[in-house]
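Please read the structure below before turning to the comments.
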Amino acid sequence: MADGPMYLRIADLLREEIRAGKWNPGDRLPSHTELADQMQVSITTARNAIQVLVAENLVYTATSRGTIVRNQEVLESVVTDHIRPNRPQSAHDIFEEIARAAHREPTKEFSAKMEPANPEVAHWLGLPEDSWVLARTVVQFLDNEPWSWEVSFYPRDLAEATGIDSPHDIPEGTTRRLADRGHAETAHRDTLVARPASTEEAIVLGVATGTILLDHLRIGANHERITRATRHRSIATRNRLAYELGDDVGSNVIRHALGISYGQGISLP
């Protein structure tokens with residue numbers, strides 16, 4: 001190993017082993033104790049070495065599984081797919097469609113609750129502060145790897161009228177559910193910001209605090225009201241967002257040139 005602090009030398013060794021294919025995406029690295037024993041160093045030194053790789057997004061930590069090697073592919077999401085009026089019917093939401101098109105296995109952790117709107121959420125939804133809103137939270141995983149954190153807020157009366165106040169995930173997605181119940185969204189405003197992860201975001205997504213995230217806010221509306229505000233956070237270096245605007249003929253020309261089909265994201269090495 002090269003000269004320098006021992007924890008950096010161990011991190012260098014593990015990094016090279018990952019790049020050489022000794023450790024593949026989804027593999028578990030030695031625990032802090034195992035690594036300390038192998039390298040004849042303290043557990044603190046071993047932990048610091050692993051934290052270097054976490055900060056580089058090469059690995060993530062899972063409470064029940066230890067330190068896991070991340071997949072290094074970049075997943076492209078065409079974020080306009082799910083609002084196209086001619087989107088093919090499916091029993092899956094847009095995340096599952098994109099994941100399966102990239103040959104990845106999607107899973108979710110879901111929760112829902114009614115809560116008073118804080119000033120930010122009230123501003124997004126055009127409601128008085130402390131109005132009751134439904135918050136639907138989904139942490140999304142690809143091949144068991146934390147991928148994104150999405151929280152959607154809906155006015156209480158709309159959530160109750162359309163049945164999206166369900167305590168369970170809605171397989172087809174809430175966009176389809178709203179449309180099916182007579183509240184189709186006709187307009188959207190998207191805001192994208194790249195910024196460092198907070199401590200809470202770092203814990204949820206399995207990254208180091210300060211890792212650059214894509215923070216994507218989408219506000220949807222119909223002709224009468226704002227229907228929802230969805231905040232989607234993901235790791236910037238592992239995600240690419242694409243927009244397809246215009247008619248289907250022109251869009252198909254672009255898709256054909258890129259070698260992709262409708263609803264298929266691009267998984268890049």
Exercise for review: Give just the number: which of (1) closer than 30 Å to HIS188 by Cβ; (2) of a type in the set (Gly, Ala, Ser); (3) modelled with pLDDT of 90 or more does SER31 not satisfy?
Suggested key: (1)
Point to revise | Odd one out for ILE164, checked against (1) touching a helix residue (DSSP H, G or I) at 6+ places or on another chain (Cβ under 6 Å); (2) of a type in the set (Val, Ile, Thr); (3) under 30 Å from VAL69 (Cα atoms) | key: (3)
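Could you go through the stretch 212-224 and let me know if any residue there is outside the structural domain of THR61 (by TED's automatic domain parsing), over 25 Å from ASN57 (Cα atoms) and of a type in the set (A, V, I, L, M).
Of all residues in the stretch 212-224, those outside the structural domain of THR61 (by TED's automatic domain parsing) come to 212-224.
If we keep only those that are over 25 Å from ASN57 (Cα atoms) as well, we get 218-224.
Then drop every residue that is not of a type in the set (A, V, I, L, M), which leaves 219, 221.
Yes, the stretch 212-224 contains at least one residue that is outside the structural domain of THR61 (by TED's automatic domain parsing), over 25 Å from ASN57 (Cα atoms) and of a type in the set (A, V, I, L, M).
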Point to revise | For ASP130: the one exception among (1) in a loop (DSSP other than H, G, I, E, B); (2) buried (at least 16 other Cβ atoms within 10 Å of the Cβ) | key: (2)
Check your understanding: Which strands (runs of 3 or more DSSP E) does the stretch 145-225 wholly contain that include 3 or more residues that are surrounded by fewer than 16 Cβ atoms within 10 Å (Cβ to Cβ)?
Key -> 187-196
Point to revise | Qualifying residue in the stretch 227-243 (condition: farther than 27 Å from HIS123 by Cβ and outside any strand (DSSP E or B)) | key: yes
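Quick test for you: out of LEU258, LEU213, LEU217, pick the one residue that is hydrophobic (A, V, I, L, M, F, W, C) and at pLDDT below 85.
Working: LEU213 fails: at pLDDT below 85; LEU217 fails: at pLDDT below 85.
Answer to the check: LEU258.
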Point to revise | Single residue of the stretch 37-51 satisfying the filter (surrounded by fewer than 19 Cβ atoms within 10 Å (Cβ to Cβ) and in contact (Cβ under 8 Å) with a residue 40 or more places away in the chain) that is nearest to ARG9 (Cα to Cα) | key: ASN48
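The values are calculated or read from the model by the stated rules, or taken from the named source; none is laboratory data. Just so we're clear, the structure is a prediction, and the values are computed from it rather than from any experiment. Cβ: placed from backbone, ideal geometry, glycine included. Neighbour counts: every protein chain shown.
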